[in-house]
Each structure stands twice: as structure tokens, then as C-alpha cells.
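Before any comments, here is the structure.
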Amino acid sequence: MKEQKFLIAAMLIAAVFGFVWQGQVGLAESIDPATDWPWWRGPNFNSHATSGQNPPTTFNERKNVKWLVEVPGSGHSSPTIVGDRVFLATADTQNQIQGAICFDRRNGKQLWITPIHSGNFPAEIHPKNTHASSTIASNGELLFTTFFNERQVKVSCLKVTGDIVWTKSAGAFDPKKYKFGYGASPLLYKDLVIVAAESDQGSYLVAFNQQNGDEVWRIERTQDVSFSSPVVAKVAGREQLLISGLFEVSSYDPATGDKLWSVPGTTQATCGTIVWNEDTVFASGGYPKAETIAVKADGSNQIVWTNKTKCYEQSMVIHDGYIYAFADGGILYCWRATDGEEMWKKRLGGDVSSSPVLVNDNIYLANEDGEVFVIQANPERYEEVSRTRLGTDLFPTPAVVGNRIYYRFGKGIGPRRQEYLICIGE
């Protein structure tokens, strides 16, 4: 706790005087999908670890631990890994500071903290949300963050050394009816960083040039509340920017923002990111009703199947033509992607926010209570490899690269709660 207080104090001083606390480590010059986890959902945007890795399937806070470090502040942003560095967004709620923090991937040593915003926190967010829930995205040389601050969604670009390059407002964000906060992660596509913000006071998708922050395109969406992060996938023969929520599943041209197609479906609010298989995309939500939907992504507006199950906070994962969904209420489902046929379901318990990650033929998943399950991706039956516990709460999704797993989790309640970053490996 003394270390945390010291680091947060340093963060506050840096915010006031404009300093950046830096370390000296070699920088990654490009993204390598075999060794980097550069953004939300991993290098291929689908929560699939690069094949051929062999991280541990049995572990806890002591077993198969390479290092374990305290994380200053709090947040639900998942680990971003590029080169020899691990990046997290974090927030000091007491002093109202939002920023980015960097650790040495090799030993967990903290390298720098960069304050990005000071003050102007929203007066109210959902009790399970944080002021640093968006996962950092990196192109190997630059980092991109999104924060809800000063009634706006603000986008910042930093060097991997922690220096701020530019900060821009993506637009107003001031929900009136549902003051749940913000959580969508920035999306990188070619030379663009794409940001989604959706509220009852205005919704939009906007793309900025990564190098200078110039706005490239902007589209208005239905004025309502939703929380999903967009994703770009090559599906049905072309690259598509996909997002669910606002009572539809939608596709856009990621280069221009032009709308390709949309189909009524899911519900008002979704939080998960769309997944895909061959020429079909799959989305799930949320509020006020529950629905999972499969849609042909060829512009035919064909709905392939639906069911009344919801993955609200969490995303799903697909392997070999089967969908694995750790749904609300802690029930794990396996559905056949082609027709939605339920293969099996298993109640594991707990509320769910963390999304599953596929590693070869194993799936790593966790509930909010810190229970971590490793199961085989087997459509024939539920087959558990192991289960363990990390801390007392777990909301972020892990990163899996280089035969290692990186989890962010919390221990304790209230003012005694402390967040940790753990590196698991043999």
C-alpha cells in the first residue's frame, strides 16, 4: 500500500508539473502477432492467441508465477503488450487523474506513469465500472487511449516511452438517463484510430489519423445508450467495421465510414465485441432484453438464427465452427455456429465481465469473483482442465503471448482494495 500511495502521489505531481516518469527499455518497432497483444481482443481481434503457444493450464497466485506487481490506481482496461512492455490504463479516483502506466514485460518493474487527464471526472458511473475501462491500443510505436472526461470522450496518442503526442475530443458524451460511464476501446485500422461513443445525448463513430490526430471521417448513429467496442474483420469477402447495439447489428467501410448494411437485432445496449465465422457475424446483448443473433455479413440482411441468451458485458469466442459463450449468470454455452444448435451448457456460477481467450484448443475464462476456469474447446461435452482463483475480483480480459498469461485483478474491498498485474508462465 505504501508503494501505491507513493506512485499515485508521483502521478499527481506529474499531472501538476507536466513531468513524465520514464524507464529505459528497448522499444518495439512493429507488431508481431506471435509475441505482441497490441489491442483489445488480441492481434487478430478475436481473442485467439497465436497458435503453438503452451502457457500453463494450472496456476494460482504462487504457482507458475513469473512475477506479480501492484498496479497503482484502478481500472478494467486489459493488458496491452508490445515488445518488452506491458501497458494499462489506470485512474486515481481520489485525485481524479486518468493515465497510462507501463511495466517491463520481463520482470514486472514499473517503468513510467503518464497522467493524461486531471479533474473533470463524471459525477456518476455504474458501481462496477471504472474511470479507466478502455484497453490501450498500440501500433508498435504509438499508444492510443480513450477516457470519459469533461463530458467528452477524449482520445490521446502517446509514444511507448510515455510522452504525449496529441489529445483530441472525439465528441460530447453526457448520458442523462443511464449514467453508467464509458468502456469502449479504441480500434486501429491501417493509419486510423477509430472510436465509438453512444449515449442518449448523441452517438457516433469517428476516425482520426494516428500520427497527427486529424479527423478523417465521422458518422452519427442512433441517439441511445450502448457500450460495445467496434472491430474490423475480413468477412464475406471484404473488410468490415462491425458493431452491435442500438437495436441493430451494423457494418461500415472502415476506410470511409460509409454504411454497408445493418440488420435489426440484439437489443438497445450491448457491451461485447462482435465475432465472426466464415460469412456470418454473431452479436449478443444486453438490455432491456436478451438476445444472441447470427447474421449473414454479405449485405443480404439474412438473420440465420437467434436465441434468448445474453452475453452483456463479455464477448464470445469461436473455434472450429462452434461458439463458446460465458453468459450472464455464469452459464457457459457451446453452440454450433451454422444453425445455433446448443451442444451443451454448464453452470459455473458468478457474474461475468471478463471475456474468454482461446489458446490452441483450450479456453481461459473467469467470473467477476476471480474464479478462473480452463476448459477444452470441445463441442461434444464440457471438459474442464483446471480451475483456480486470482484475488477477490476479476473484470479485465487476459492477454496471452509468448507462452505467458497476463491477468489484471483486484484483492480486498473499499479503501483496502489493491489491484495487481500477474505474469503466469512455466
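Before moving on, here are some points about what is shown:
- Answer from 339, 351, 298 - the residue that is among the acidic types (Asp, Glu), closer than 21 Å to residue 41 by Cα, open to solvent by 10 Å² or more (accessible area, probe 1.4 Å) and part of a loop (DSSP other than H, G, I, E, B): 351
- Taken over the range 176-199, residues that are of a type in the set (D, E, K, R), touching a residue at least 40 places away in the same chain (Cβ under 8 Å) and assigned to a loop (DSSP other than H, G, I, E, B) amount to 3.
- Filter result for the condition that a residue is farther than 22 Å from residue 135 by Cα and without any contact (Cβ under 8 Å) to a residue 40 or more places away in the chain, over 265, 202, 237: 202
- Qualifying residue in the range 52-71 (condition: open to solvent by 50 Å² or more (accessible area, probe 1.4 Å), within 23 Å of residue 318 (Cβ to Cβ) and out of contact with any strand residue (DSSP E or B) (no Cβ under 6 Å at 6 or more places or on another chain)): yes
- Filter pass, residue 220 being of a type in the set (D, E, K, R), touching a Pro at 6+ places or on another chain (Cβ under 6 Å) and farther than 13 Å from residue 273 by Cα: no
- Selection count where residues are within 20 Å of the chain's Cα centre (by Cα), open to solvent by less than 30 Å² (accessible area, probe 1.4 Å) and not hydrophobic (A, V, I, L, M, F, W, C), scope the range 187-215: 6
- Screening the range 271-289 for residues that are among the hydroxyl-bearing types (Ser, Thr, Tyr) and closer than 18 Å to residue 185 by Cβ and picking the one that is surrounded by the most Cβ atoms within 10 Å (Cβ to Cβ) gives 284.
- Given (1) crowded, with 16+ Cβ neighbours inside 10 Å; (2) over 20 Å from residue 43 (Cα atoms); (3) out of contact with any strand residue (DSSP E or B) (no Cβ under 6 Å at 6 or more places or on another chain), index of the condition residue 390 fails: (3)
- The range 354-378, residues that are open to solvent by 30 Å² or more (accessible area, probe 1.4 Å) and farther than 17 Å from residue 59 by Cα: 360, 361
- Residue in the range 407-420 that is touching a residue at least 24 places away in the same chain (Cβ under 8 Å), surrounded by 15 or more Cβ atoms within 10 Å (Cβ to Cβ), hydrophobic (A, V, I, L, M, F, W, C) and not in a loop (DSSP other than H, G, I, E, B) present: yes
- Hey, residue 180 buried (at least 23 other Cβ atoms within 10 Å of the Cβ) and closer than 20 Å to residue 75 by Cα or not: no
- Wholly within the range 124-175, strands (runs of 3 or more DSSP E) carrying at least 2 residues that are open to solvent by 50 Å² or more (accessible area, probe 1.4 Å) and farther than 18 Å from residue 111 by Cβ: 164-172
- Selection from the range 168-186 of residues that are small (Gly, Ala, Ser) and within 20 Å of the chain's Cα centre (by Cα): 170, 181, 183, 184, 185
- Meets criteria (open to solvent by less than 20 Å² (accessible area, probe 1.4 Å) and in a strand (DSSP E or B)) for residue 333: no
- All positions within the range 354-371 that are free of Cβ contacts under 8 Å to residues at least 60 places away in the same chain and in a strand (DSSP E or B): 363, 364, 365, 366, 371
- Look at (1) part of a loop (DSSP other than H, G, I, E, B); (2) over 20 Å from the mean Cα position of the chain (by Cα) and you find that residue 386 fails only one, number (1).
- When the residues of the range 247-264 are filtered to those that are in a loop (DSSP other than H, G, I, E, B) and open to solvent by less than 10 Å² (accessible area, probe 1.4 Å), the one that is farthest from residue 296 (Cα to Cα) is 257.
- Enumeration of residues in the range 95-111 that are without any contact (Cβ under 8 Å) to a residue 60 or more places away in the chain and part of a loop (DSSP other than H, G, I, E, B): 96, 106, 107
- Restricting attention to the range 216-246, the residues that are part of a strand (DSSP E or B), under 17 Å from residue 283 (Cβ atoms) and open to solvent by 10 Å² or more (accessible area, probe 1.4 Å) total 2.
The values are calculated or read from the model by the stated rules, or taken from the named source; none is laboratory data. Just so we're clear, the structure is a prediction, and the values are computed from it rather than from any experiment. We place every Cβ from the backbone using ideal geometry, glycine too, and count neighbours over all the protein chains shown. In case anyone asks, the SASA skips ligands and DNA or RNA and just uses the protein heavy atoms, side chains included. Shrake-Rupley method; radii C 1.70, N 1.55, O 1.52, S 1.80 Å.
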